[in-house]
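Below is one structure, written out as structure tokens, with a few remarks after it.
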Amino acid sequence: MKNILLIVISFTFYLSNFTETNANHNHLLDEAINNPQRKNSNKQRDIYRNPKQTLLFFNIDRKKKILEISPGRGWYTEIIGNFMKNTNNFFVAKYKNPQVKIIKKIQKEFDDYFLINREFFGNIKSIYIDKSYHIISEKEEYDMILTFRNTHNWLDNGMAENIYKSFYKILKKGGILGVVQHRANESSNFNFKNGYVKESFLINFIETLGFRLIEKSEINSNTKDLKNYPKGVWTLPPRLIMGNEKKSTYLKIGESDRMTLKFIKE
């Protein structure tokens, strides 16, 4: 009877701590997303990118060492940086020697912006991706790796296998890999094209490299996305590559249909 009582007490204590932690994460994420220092142009895209639901789906935690891959202009970095502020647990991986001028420009703007605004988004620490798309890092260094809408680029330039192998190498056992990617129709006669990637192909590709899919979500799906645009995914906002041509139509569609995948390194 005494042993049973101890088990009940221990479980109640664990459940209480778990509930408090979840509540605290919800609160901190809300604060990070509603942070008045976020760019207004970024906030306007929350309706399509669902940051709170997405990050909770990936089980983001301030105690975890988190790496965001190729953060672009820092749409997610603003949120994660604020959420992880003062933990020393948030890193981004950038290209060490970008071969494309626009990437070099974007990374410079990223560095300048987050340096000036470190009071609001924390001290964002960087590691680097070399020219072979290997991440320069110690083995099993991170608890979580997140990549948002990058994989189509790596598939197009033939570097997807290298960088995903690098993810596996630097992620701890039991660590989580979170992937958000523009999604092609399963009936498509291609695996990847014009920014879209077939979900079944990508899952198989990543699992072949050692990860295991543990859950997927429709958080970032968009059934309005026709996926048949001559200029590909960049036809839709935010890029709107067609300019004013059918702009109102593309704005009504919104941002692309996306898969949201959670893998584990066992």
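Is it the case that Arg183 is part of a strand (DSSP E or B) and touching a helix residue (DSSP H, G or I) at 6+ places or on another chain (Cβ under 9 Å)?
Answer is yes for this residue.
One line per residue, one yes/no per condition, for (1) out of contact with any Gly (no Cβ under 8 Å at 6 or more places or on another chain); (2) surrounded by fewer than 16 Cβ atoms within 10 Å (Cβ to Cβ); (3) not small (Gly, Ala, Ser):
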{"residue": "Pro36", "(1), (2), (3)": "yes, yes, yes"}
{"residue": "Gln44", "(1), (2), (3)": "yes, yes, yes"}
{"residue": "Asp61", "(1), (2), (3)": "yes, no, yes"}
{"residue": "Ile79", "(1), (2), (3)": "yes, no, yes"}
{"residue": "Asn86", "(1), (2), (3)": "no, yes, yes"}
{"residue": "Phe90", "(1), (2), (3)": "no, no, yes"}
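Please list, ordered by first then second residue, the pairs with beta carbon atoms under 8 Å, 6 or more apart or interchain, first in segment 141-153 and closer than 14 Å to Phe263 by Cα, second among the hydrophobic types (A, V, I, L, M, F, W, C) and assigned to a loop (DSSP other than H, G, I, E, B).
Met144/Phe58; Met144/Ile60; Leu146/Phe58
When residues of segment 207-232 are filtered for being under 24 Å from Thr249 (Cα atoms), surrounded by 15 or more Cβ atoms within 10 Å (Cβ to Cβ) and over 18 Å from the mean Cα position of the chain (by Cα), how many remain?
Total satisfying the criteria: 4.
Quick test for you: out of Glu215, Glu138, pick the one residue that is of a type in the set (D, E, K, R), modelled with pLDDT of 95 or more and assigned to a loop (DSSP other than H, G, I, E, B).
On the way: Glu215 fails: assigned to a loop (DSSP other than H, G, I, E, B).
Within the list Glu215, Glu138, the selection yields Glu138.
Looking at segment 43-68, I want the residues that are under 17 Å from Asn123 (Cβ atoms) and in contact (Cβ under 8 Å) with a residue 40 or more places away in the chain and have a partner that is part of a helix (DSSP H, G or I) and not hydrophobic (A, V, I, L, M, F, W, C) with Cβ atoms under 7 Å, at least 6 apart or on another chain. Which pairs are those?
Glu68/Tyr76; Glu68/Thr77
Given the condition crowded, with 16+ Cβ neighbours inside 10 Å and either at pLDDT below 95 or touching an Asp or Glu at 6+ places or on another chain (Cβ under 8 Å) (or both), answer yes or no: does some residue in segment 240-251 qualify?
No: zero hits.
May I ask you to list the residues in segment 21-54 that are under 18 Å from the mean Cα position of the chain (by Cα), in a helix (DSSP H, G or I) and within 15 Å of Gly74 (Cβ to Cβ)?
Selection gives Ala32, Ile33, Asn42, Lys43, Asp46, Arg49, Pro51.
Can you pull out the residues in segment 90-118 that are in a loop (DSSP other than H, G, I, E, B) and of a type in the set (A, V, I, L, M, F, W, C)?
Selection gives Val100 alone.
Can you pull out every residue in segment 193-213 that is farther than 22 Å from Arg49 by Cβ and either in contact with a strand residue (DSSP E or B) (Cβ under 9 Å, 6 or more places away or on another chain) or not aliphatic (A, V, I, L, M) (or both)?
Within segment 193-213, Lys193, Ser200, Phe201, Asn204, Phe205, Glu207, Thr208, Gly210, Phe211, Arg212 meet the criteria.
Taking Ile135 and the conditions (1) surrounded by fewer than 21 Cβ atoms within 10 Å (Cβ to Cβ); (2) in contact (Cβ under 8 Å) with a residue 24 or more places away in the chain, which numbered condition does it fall short on, given that it satisfies the others?
(1)
Out of segment 218-235, which residues are out of contact with any strand residue (DSSP E or B) (no Cβ under 9 Å at 6 or more places or on another chain) and assigned to a loop (DSSP other than H, G, I, E, B)?
Hits for segment 218-235 are Thr223, Lys224, Leu226, Asn228, Tyr229, Pro230, Lys231.
Loosely packed, with under 14 Cβ neighbours inside 10 Å, more than 24 Å from Asn59 (Cβ to Cβ), of a type in the set (S, T, N, Q) and free of Cβ contacts under 8 Å to residues at least 12 places away in the same chain - does that describe any residue in segment 196-206?
Scanning segment 196-206, I find no residue that is loosely packed, with under 14 Cβ neighbours inside 10 Å, more than 24 Å from Asn59 (Cβ to Cβ), of a type in the set (S, T, N, Q) and free of Cβ contacts under 8 Å to residues at least 12 places away in the same chain, so the answer is no.
The values are calculated or read from the model by the stated rules, or taken from the named source; none is laboratory data. Please read all numbers here as calculations on a predicted model, not as lab measurements. Because the Cβ atoms are built from the backbone with ideal geometry, glycine has one as well, and the counts that use them run over all protein chains shown.
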